[in-house]
Amino acid sequence: MGRVIVRIGSMSKMNGGMSQTHGRLEPLRVRLARMPITPRGTFTFLVGLTLLVALGAFGDWLVRVTGATVPGSVVGMLLLTALIETRLLPVAVVRPAADFLVRHLALLYVPAGVALLVYWGAVRTELLAIALAALASLVAVLLIVGGVVQRLERAE
């Protein structure tokens, strides 16, 4: 059975292997979680990962066939949501794979970063337009989400 570090307790100041919280020194605590590697756990993980990939691929195929202007990955995630909400797919089946992907989400940004470096010449010439589009979409999302949340809070 392997062990992995899950969380390091919050600390405001370090002092020779001690953390100072609320004015007192405490030993640094590292919380470890046991990650049992069993055949059943591995099988569940692989089934969940296969389902996530299959739904993404099915979403891509569906977009190509219908000519929809929505990204296939979004369609795949909408299908996943529908399957979970209708209880056709138990959450427990995809949870291990989803937790793994979320834990290592930062690695999924590496290809985008590499693409920026490879196509920097094209990006540099359109940098102002890209920055303005990103800023405009950020403001639009904030306004829309803020408005929806306010309406939902008023409805309660």
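A compact table of results
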item	result
Conditions (1) on the phi < 0 side of the Ramachandran plot; (2) modelled with pLDDT under 90; number of the one not met by Gly23	(1)
First in the stretch 97-120 and more than 22 Å from Gly41 (Cβ to Cβ), second anywhere and surrounded by 11 or more Cβ atoms within 10 Å (Cβ to Cβ), Cβ under 7 Å, 6 or more apart	Leu116/Val123
One residue from Ala140, Ala155 being more than 26 Å from Arg40 (Cβ to Cβ) and at pLDDT 95 or above	Ala140
Residues of the stretch 65-83 that turn out to be within 19 Å of Leu101 (Cα to Cα) and among the aliphatic types (A, V, I, L, M), as a count	6
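The values are calculated or read from the model by the stated rules, or taken from the named source; none is laboratory data. Worth saying up front: this structure is predicted, and the values here are computed from it rather than measured. Cβ atoms come from the backbone with ideal geometry, glycine included; neighbour counts cover every protein chain shown.
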